[in-house]
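Following: one structure in structure tokens, then a few remarks.
The values are calculated or read from the model by the stated rules, or taken from the named source; none is laboratory data. In this text, all values refer to a predicted model and were calculated from it rather than measured experimentally. Backbone-built Cβ (ideal geometry, glycine too); neighbour counts: all protein chains shown.
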Amino acid sequence: MPPRTRLDGIVIRQQAIAEADVILSLVSADEGRADVLARGARKSSKRFAGGIALFSEISAVIEQGRGHLPTLVESSLHAAFLHMASSYGQLTLASYVVELAACASQPSHADPALYAWLRASLTLVETVSDAHLRAPRLAIEMGFLQALGVCPDLQACSQCGQDTAAGGTWQDADDGLVCTRCLHANPETLPPSLVRALVLWTLAPAEPPVDPLPPSAALRATEKRVAVLLGHVVPQTLRSAVALRDLLRFEA
Ligand SMILES: [Zn+2]
């Protein structure tokens, strides 16, 4: 009998192939991304009754075939992060999370930080309302950049090294903040509350409660800088990112 192994991970993609089969992409903390073949998954919902749904955390038993993708033998559900009653905004945000995870994860490459971010982000998505997606999106993006190790230190001024607790201006995405001692406050200067939120989201990805962020020049500037940093690691345009932008256009 071919060797069987267990894989605990979150389903980040489902691709239908052949008549009834599905290729699942899983991200796990210990093994990075893994694609597995779920034979007959579309023929019978009982085939993998334990759950192979998108956004769910499962424990999979996998059989290594010869020259093919490993085959899913059985699956049990740990946690389903979204459900039938999830809103369009939640589904869009969750799709964004798994698309980011797909870009950053690599086969056979353990990445506990990325996995912790993925899990925390999907947990956060369950709590958001469609009327306030801006702050959760930013929390998810900041945690993602931090998990990848490409987020500048926002706690210290990039010019004098002193703390930025009193606020700061984010002029250059890669350099981080310039404190109010080094640069006079202007309309784009991040207030202390926004600096605090951004720093928190890098310390504990998507964990703290996310209050709505009032629209301001500082918030728009922040979103632009974060977009620049994301562009370094995710150069392509993600479908879910476009859908999310459309939703946010109507947010006050
Ligand atoms: Zn300074």
| task | Inspect segment 77-88 for any residue being part of a helix (DSSP H, G or I) and within 18 Å of the chain's Cα centre (by Cα) and give the result as yes or no. | result | yes
| Only one residue in 138, 213 is more than 16 Å from the ligand (Cβ to nearest atom), closer than 29 Å to residue 247 by Cβ, part of a helix (DSSP H, G or I) and outside the structural domain of residue 27 (by TED's automatic domain parsing), so which one is that? | 138
| field | So residue 183, is it modelled with pLDDT of 95 or more, assigned to a loop (DSSP other than H, G, I, E, B) and under 15 Å from residue 226 (Cα atoms) | value | no
| task | Looking only at segment 156-179, count how many residues are within 13 Å of the ligand (Cβ to nearest atom) and either surrounded by fewer than 18 Cβ atoms within 10 Å (Cβ to Cβ) or of a type in the set (Asp, Glu) (or both). | result | 10
| Of the numbered conditions (1) part of a loop (DSSP other than H, G, I, E, B); (2) touching a residue at least 40 places away in the same chain (Cβ under 8 Å); (3) more than 19 Å from residue 2 (Cα to Cα), residue 46 satisfies every one except a single condition; which is it? | (2)
| said: What's the total number of residues in segment 2-30 that are within 18 Å of the chain's Cα centre (by Cα) and exposed (fewer than 14 other Cβ atoms within 10 Å of the Cβ)? | reply: 1
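Sort through 93, 54 and tell me the only one that's assigned by TED's automatic domain parsing to the domain that holds residue 123, within 27 Å of residue 242 (Cβ to Cβ), under 25 Å from the mean Cα position of the chain (by Cα) and not basic (Lys, Arg). Quick ask: steps written out before the conclusion?
Details: 54 fails: assigned by TED's automatic domain parsing to the domain that holds residue 123.
Criteria check complete, one pass: 93.
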| query | Only one of these conditions is not met by residue 137: (1) touching a residue at least 40 places away in the same chain (Cβ under 8 Å); (2) touching a Cys at 6+ places or on another chain (Cβ under 7 Å). Which number is it? | reply | (2)
